[in-house]
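One structure is given here, and the rest of the page talks about it.
The values are calculated or read from the model by the stated rules, or taken from the named source; none is laboratory data. As the structure is a prediction and not an experimental result, all values here were calculated from the model. Methodologically, a virtual Cβ is constructed for each residue, glycine included, from the backbone with ideal geometry; neighbour enumeration extends over all protein chains shown.
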Amino acid sequence: MAYAHVTGWGMAVPEKVMTNDDLAKIVETNDAWIRERTGIAERRIAAKGQTTASLATEAAINALRVAKLPPNELDLIIVATSSPEHLFPSTASLVQDRIGADHAGAFDLSAACTGFIYALSMASQSIRAGAIKSALIIGSETLSRLVNWNDRTTCILFGDGAGAFVLQASENPGGVLSSVLRSDGSGGDLLNIPAGGSAKPASQATIDAGQHFIHMNGNEVFRFATRVMAAASKEAMDKANLNVEDVALIVPHQANLRIIQAAARGLKLPMERFMVNIDRYGNTSTASIPIAVCEAVEEGLLTRGDNSVLVGFGAGLTWGSLALQWTGPFEQAEPIRMRRYTRFAWLRSLMRRIWRRIEGLFWGRRG
Ligand code: UT7
């Protein structure tokens, strides 16, 4: 049976930094409150023209470069996102076109901030079952477009960014060892965007009521998160036959430093065993775990052979965890020139659009 290894990883964050002091000029808040209550010092904000798909594409290109895997060898692309480019088409299909992954299926996955863990679990199980050989998993967000910049209880929390993993099949043991996925829809109203879907289509009234923005009961979400993080981490370890001592690093969803500290207490582990970068990016929802993993690898906190646990929670309510043995790129892989692939993908996409126009002219006349 094949194992699903993480052979590539990459991230992309906008250049624009918004500090707590910048926020204090927009809403009634201050740097001391935000740092103390959340651990956030600054976050990144997408520039005009930068979107969930463009950040996802940038992170994907970086991950494929590390894995040395040509995009046309990908079998599957999953984009986990809470701020998709559109209701449809999927952001994943847009990424597929931009990187030229012309043999891949592509879809978006909606499980809010737990989405990256859900996507990783789904893709790794497809690899384990022998249905596919490789997958690109992306978490990407431009939540700055969905927050109410007049609501100090939410706008201080979120940031923009993307992170991606390449998963590949190998007969060597390792990679994704176990996963735990959970949901409790009875808490759906605690964190949501009330309008803009089929239940409440966008209208002047929904816009006037601000129902197209993120709404959250922060205290309830906080209590839920502190309850599930340690338990879910432990469950993933148990399923993978790992003890806490076997795990080099826990990479939690970066939503609030106090939630991460509660998880550390729950697992009786020191904070040094937890990856934390919320101070620099805030809560980037589905992107927070892969971005944190990229930085952990960069800082040497996660190296080949290390066991790690990824754990997250979010709207739904959803939560999940995953035990992982870190691999790195396959040794036999040859470096690839991603720019060549993306240029060719751009040209192919253009030719297909032109050809569709020409075909349409002929069929249009006949019809
Ligand atoms: O990916 C999942 C997404 N969501 C989460 O993870 C959110 C989980 N929840 C949280 O992180 C925390 O509940 C928050 C950071 C949202 C709020 O922190 P808190 O410690 O639970 O504060 P609170 O809501 O209990 O508010 C305490 C006080 C209130 O004032 P009063 O009523 O005590 O006078 C708020 O009005 O702090 C006030 N407050 C603020 N003050 C300055 C709330 N937001 C702010 C703010 N700046 N931005």
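Of the set (1) within 19 Å of Ile278 (Cβ to Cβ); (2) away from the ligand (no atom under 13 Å from the Cβ), all apply to Ile61 but (1). Among the criteria (1) part of a helix (DSSP H, G or I); (2) free of Cβ contacts under 8 Å to residues at least 40 places away in the same chain; (3) crowded, with 20+ Cβ neighbours inside 10 Å, the one Ile291 does not fulfil is (2). Restricting attention to region 201-217 and to residues that are part of a helix (DSSP H, G or I) and among the β-branched types (Val, Ile, Thr), the residue that is surrounded by the most Cβ atoms within 10 Å (Cβ to Cβ) turns out to be Thr206.
Taking (1) more than 19 Å from Ala164 (Cα to Cα); (2) crowded, with 16+ Cβ neighbours inside 10 Å; (3) without any contact (Cβ under 8 Å) to a residue 40 or more places away in the chain in turn, Arg352 satisfies each apart from (2).
Scanning region 248-292 for residues that are within 11 Å of the ligand (Cβ to nearest atom) and of a type in the set (D, E, K, R) returns a single hit, Arg258.
Candidates are the residues of region 139-158 that are hydrophobic (A, V, I, L, M, F, W, C), over 14 Å from Thr29 (Cα atoms) and surrounded by 23 or more Cβ atoms within 10 Å (Cβ to Cβ); the one that is nearest to the ligand (Cβ to nearest atom) is Phe158. Where strands (runs of 3 or more DSSP E) sit wholly within region 1-119, those with at least 2 residues that are over 19 Å from the mean Cα position of the chain (by Cα) occupy 17-19.
For Leu302, the conditions (1) free of Cβ contacts under 8 Å to residues at least 60 places away in the same chain; (2) within 16 Å of the ligand (Cβ to nearest atom); (3) within 21 Å of the chain's Cα centre (by Cα) are fulfilled apart from (2).
Right, Thr7: among the β-branched types (Val, Ile, Thr), more than 16 Å from the ligand (Cβ to nearest atom) and surrounded by fewer than 22 Cβ atoms within 10 Å (Cβ to Cβ) or not? Spelling it out, it is not the case that Thr7 is among the β-branched types (Val, Ile, Thr), more than 16 Å from the ligand (Cβ to nearest atom) and surrounded by fewer than 22 Cβ atoms within 10 Å (Cβ to Cβ). Checked against (1) away from the ligand (no atom under 13 Å from the Cβ); (2) farther than 20 Å from Glu42 by Cβ, Glu295 passes all but a single condition, namely (2).
From the list Ala323, Ala333, the one residue that fits, being part of a strand (DSSP E or B) and either more than 18 Å from the chain's Cα centre (by Cα) or of a type outside the set (Phe, Trp, Tyr) (or both), is Ala323.
Scanning for something under 26 Å from Phe213 (Cβ atoms), surrounded by fewer than 22 Cβ atoms within 10 Å (Cβ to Cβ), without any contact (Cβ under 8 Å) to a residue 12 or more places away in the chain and more than 16 Å from the ligand (Cβ to nearest atom), does region 112-131 turn up at least one residue? No, region 112-131 contains no residue that is under 26 Å from Phe213 (Cβ atoms), surrounded by fewer than 22 Cβ atoms within 10 Å (Cβ to Cβ), without any contact (Cβ under 8 Å) to a residue 12 or more places away in the chain and more than 16 Å from the ligand (Cβ to nearest atom).
List the residue pairs whose Cβ atoms are under 7 Å apart, where the first residue sits in region 53-69 and is buried (at least 24 other Cβ atoms within 10 Å of the Cβ), the second is at pLDDT below 95 and not small (Gly, Ala, Ser), and the two are 6 or more positions apart or on different chains. As it stands, the answer is Leu64/Met338; Ala67/Pro329, since those pairs meet every condition given. Once region 239-267 is narrowed to residues that are touching a Lys or Arg at 6+ places or on another chain (Cβ under 8 Å) and part of a strand (DSSP E or B), the residue that is nearest to Trp33 (Cα to Cα) is Ile250. When only residues in region 10-38 that are more than 9 Å from the ligand (Cβ to nearest atom) and of a type in the set (Lys, Arg) count, which is nearest to Asn219 (Cα to Cα)? Of everything passing the filter in region 10-38, Arg35 is nearest to Asn219 (Cα to Cα).
Look through region 10-52, keep the residues that are in contact with a strand residue (DSSP E or B) (Cβ under 6 Å, 6 or more places away or on another chain) and of a type in the set (Lys, Arg), and return whichever of them is surrounded by the fewest Cβ atoms within 10 Å (Cβ to Cβ). Ranking the qualifying residues of region 10-52, first place goes to Arg44. Every condition in (1) within 29 Å of Asp189 (Cβ to Cβ); (2) assigned to a helix (DSSP H, G or I) holds for Asp279 except the one numbered (1).
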